[in-house]
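What follows is a set of notes on a single structure, which appears directly below.
The values are calculated or read from the model by the stated rules, or taken from the named source; none is laboratory data. Computed from a predicted model, the values in this text were never measured in an experiment. Here the Cβ positions follow ideal geometry from the backbone for every residue, glycine too, while neighbour counts run over all protein chains shown. Accessible surface areas use protein heavy atoms only, side chains included; no ligands, DNA or RNA. Shrake-Rupley method; radii C 1.70, N 1.55, O 1.52, S 1.80 Å.
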Amino acid sequence: MSRRIANTTAIVIALLTVFPLYWMVLSAFKPDGEINSVDPRPWTWHPTLSNFRDAFGVSGFGGYFLNSLIVATVVVVLSGLVAFLAAVALTRFNFKFRTTILVMFLVAQMVPVEALTIPLFFLVRDIGSVAPQFGLSTLGSLMLVNLAFSLPFAIWMLRGFVKAIPESLEEAARIDGANRFTILWRILFPLVAPGLAATSVFSFITAWNDFVFAKTFILDTDHQTLPAALMVFFKPDENDWGGIMAASTLMTIPVLIFFVLVQRHLVSGLGGAVKD
Amino acid sequence: MTATTTPARADRPAPASVRPRGGASKTKTGRRRSWTPFWLLLPSAVILIPLFGYPLYQLGLLSFLKFGQPQASAGEVAEFVGFDNYSTLLGDDQFWDVLFQTVVFAAACVVATLAVGAALAVLLTRVGKWSRLLLLFAALGAWAAPAMTGSTVWMFLFDTNLGLVNEVLGMQGHNWFYDKWSAFALVGVVVVWHSFPFVMISLYAGIESIPVSVLEAARLDGASTWTVFRHVMLPMLRPILTIVVIQSIIWDFKVFTQIYVMTGGGGIAGQNLVLNVYAYQKAFASSDYSLGAAIGVLMTLILLAVTIFYIRALRRSGEEL
């Protein structure tokens, strides 16, 4: 295949791949008249913010956006910390059930979340009568379950990064008189930061994209998060596509920012999980 | 890495990942018999045992009970019914239809994702810098797009009256979600759109990490392009390929959001159900929680079989656990 054909093919595929996203953003800025006409043009002469204004004003998307952001942030921070400790335990120490635990984390990734939602629904309902802030229709419940479901993969992936740090650094620190706590937080933690960046993308996506928990556990509209809240735009007779596209655009932006920020670590992170 | 990559290591300028493994340093840390690892694992245990382990046990238990609306909300005592839910399920034609659909749909998605991802990974190695960056960023965009927004925008593109696709094809009024297989195909396209970037970027990173000198050495020894691919590149890519293949199987088997949103909960009269959505619908739409749990257990068992295959494949490719 000649270079020119290869280049052209790559560019055409890139444009096709990105087209749905372009169409989403474009439609979000189109006035109602253009969206509802049967003449869908791939550009607009009259860009408007009215879809966004409706999303925030009429449908209360600001609140949903904030809810999603709170849940995702808490999940990312906690899962990063907890996964870091576990990853250190599983790479730096040899103990009896190490392999068993690792296999269990791997198996956990295979369990279909939607099936576990059934017992989790009753669990969350019962937790609510003891600790109301984690019961049904709370952001706390979403934080808990998304944390639990992002952890196994985070630990599994972070393990590769901890492994890549030479143990001699810790030995040297120990000889210099550093205690365990110092070694953990002052030496290992900063070194594994790029790995945490990569891992956090996956935790963020787990929490940010979660549709099934939000749909099942959140019974009032105030505490809804973006994915499930998006369903309010779908009407039985006719969908408000302008609103849906504006909301979808808003929902995509944070993930896109996250991806671009950690893009380099992401690839090395996958490599870390793959290579060794 | 696998033993086959040892020559590659030798001529790289000692990357950070090359370190003595299992040797002196490992046994030294290993000998430190202490409670430290357990303290480090404690936070994970505190989260995972009640929120993952216990519900998993409950799922199994639920599948042996008769648990419906009266038990869920009126607090009636659930009756133990043994394998009744399972025999109901296995005796139901719809279950077998859904199982068949799930397997065909997931397999088609896996094959398509891998084919597209692998072809584009190879393409990436043959193009100029700007085309490569363009394709990489486009793929990153599709990868980053939440399943929910991917579903909504593709639904809009294929909308019956206002969709761009019908307009361009002159098929206004055609409903792509009405026919079972065109609906499945459309969801499949979205699944592939979301997941080919992972395959493409992983494989591209893998190909790039093969030192040029190894390939040149093989060529100097008179190996053809095919031989180089078959006997040099493929063995070195195998660890990545294994993960990419099995990861795709697991993801595509568990597709939920796209099916649920795009086909409105499983399609007209449930024609587009997959096991995952079926279990959810049985539990939360029909209030038959125990039957939903039984479907969940069966699905977990199927995926567990895949997992065992995964671990064995990892072991064989030299990954230490």
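Rounded to the nearest percent, how much of the accessible area of the stretch A:133-194 (1.4 Å probe, protein heavy atoms only) is carbon and sulfur? If you can, show how the numbers build up before the last one.
Details: 1700 of 2550 Å².
That fraction is 67 percent.
For the stretch A:208-214, putting each phi into the Karplus relation 6.51 cos²θ - 1.76 cosθ + 1.60 with θ = phi - 60° gives couplings of 5, 8, 4, 10, 6, 5, 4 Hz, in residue order, rounded to whole numbers and with x for Gly and Pro. Counting only protein chain heavy atoms and rolling a 1.4 Å probe, the accessible areas of B:127, B:306 rank, largest first, as B:306, B:127.
Against chain B, whose longest principal axis is taken from its Cα atoms, helix B:234-253 shows a tilt of about 10°.
Against chain A, whose longest principal axis is taken from its Cα atoms, helix A:241-274 shows a tilt of about 30°. Shown in residue order for the stretch B:210-218 are the 3J(HN,Hα) couplings computed by the Karplus curve 6.51 cos²θ - 1.76 cosθ + 1.60 at θ = phi - 60°: 6, x, 4, 4, 5, 5, 5, 4, 4 Hz (x for Gly and Pro).
From the alpha carbon centroid of the stretch A:126-195 to that of the stretch A:65-105 is 5 Å.
Of the residues B:190, B:214, ranked by 1.4 Å probe accessible area with the largest first, the sequence reads B:214, B:190. Over chain A, DSSP H runs of length four or greater, each weighted -39,500 (n - 2.57), average out per residue to a 222 nm ellipticity of -23500 deg cm²/dmol.
The overall shape of chain A, judged from the alpha-carbon gyration tensor, is oblate: a/c is not under 1.5, and a/b is no greater than b/c.
Is the shape of the protein assembly as shown rounded, prolate or oblate, going by the alpha carbon gyration tensor and its root eigenvalues a ≥ b ≥ c, with a/c under 1.5 for rounded and a/b larger than b/c for prolate? Cα axes put the protein assembly as shown in the oblate bin. Put simply, when A:77-85, B:233-241 are sorted by average Cβ atoms within 10 angstrom per residue, most first, you get A:77-85, B:233-241. With N counted as the residues of the stretch B:155-261, its alpha-carbon radius of gyration over 2.2 N^0.38 Å works out to 1.60. Of the residues A:188, B:114, the one with the largest accessible area comes first in the ranking B:114, A:188, computed with a 1.4 Å probe on protein heavy atoms.
Count charges around residue A:117 for me, please; just the other residues with Cβ under 11 Å from its Cβ, Lys/Arg as +1, Asp/Glu as -1. Let's see the in-between values first.
Working: positive: A:215; negative: A:114, A:210.
For residues surrounding residue A:117, the net value is -1.
When the accessible areas of B alone and A alone are added and the area of the pair subtracted, with a 1.4 Å probe, the result is around 9200 Å², both sides summed. Annotation for residue A:178 and residue B:181: the two label points, set 7 Å from Cα along the Cα-Cβ direction, are 6.3 nm apart. Under 5 Å from the amide H of residue B:272 lie the amide H atoms of B:267, each residue being 5 or more positions distant or on a separate chain, with H modelled from the backbone and absent for Pro and chain starts.
Each stretch of four or more DSSP H residues adds -39500 (n - 2.57); spread over every residue of chain B, this sum gives -21000 deg cm²/dmol at 222 nm. For chain B, a Gaussian network of Cα nodes joined below 10 Å ranks B:224, B:44, B:63 by mean-square fluctuation, and the top entry is B:44.
Let me know the shape class of the stretch A:1-129, please: from the alpha-carbon gyration tensor, a ≥ b ≥ c as square roots of the eigenvalues, rounded when a/c is under 1.5, otherwise prolate if a/b is greater than b/c, or oblate. Don't skip to the answer; put the middle values down first.
Working: a/c = 2.96, a/b = 1.51, b/c = 1.96.
Verdict is oblate for the stretch A:1-129.
Amide H contacts of residue A:218: A:137, each under 5 Å away and 5 or more positions distant or on a separate chain (H built 1.01 Å from N in the peptide plane; Pro and chain starts excluded). When the Cα atoms of chain B are aligned to their principal axes, the ranges along those axes come out at 72, 69, 32 Å in descending order.
Taking 21 Å as the cut-off for C-alpha to C-alpha distance, list the pairs among B:180/B:254; B:66/B:282; A:235/B:282 that go past it. Show your work: numbers first, answer last.
Details: B:180/B:254 19 Å; B:66/B:282 13 Å; A:235/B:282 24 Å.
Over 21 Å Cα-Cα: A:235/B:282.
Within the shell of other residues whose beta carbon sits under 13 angstrom from the beta carbon of residue B:191, the net charge comes to 0, with Lys and Arg scored +1 and Asp and Glu -1. Backbone geometry of the stretch A:97-112 corresponds, through the Karplus equation with coefficients 6.51, -1.76 and 1.60 at θ = phi - 60°, to 3J(HN,Hα) couplings of 9, 3, 5, 4, 4, 4, 5, 5, 4, 5, 4, 4, 5, 8, 5, x Hz, x marking Gly and Pro.
Taking amide H as placed 1.01 Å from N in the peptide plane, residue B:65 has its amide H under 5 Å from the amide H of B:81, each at least 5 places away in sequence or on another chain.
Near residue B:107, within a Cβ-to-Cβ distance under 15 Å, what is the net charge of the other residues, with Lys and Arg +1 and Asp and Glu -1?
Numbers: positive: B:254; negative: B:252.
So the surrounding residues net to 0.
May I ask for the distance between the Cα centers of the stretch B:136-175 and the stretch B:74-91, given as a whole number of Å? Using only Cα atoms, the two centres lie 42 Å from each other. On C-alpha positions alone, give me the angle between the axis of helix B:147-157 and the longest principal axis of chain B, in degrees, nearest 10. Here the helix axis deviates by roughly 80 degrees.
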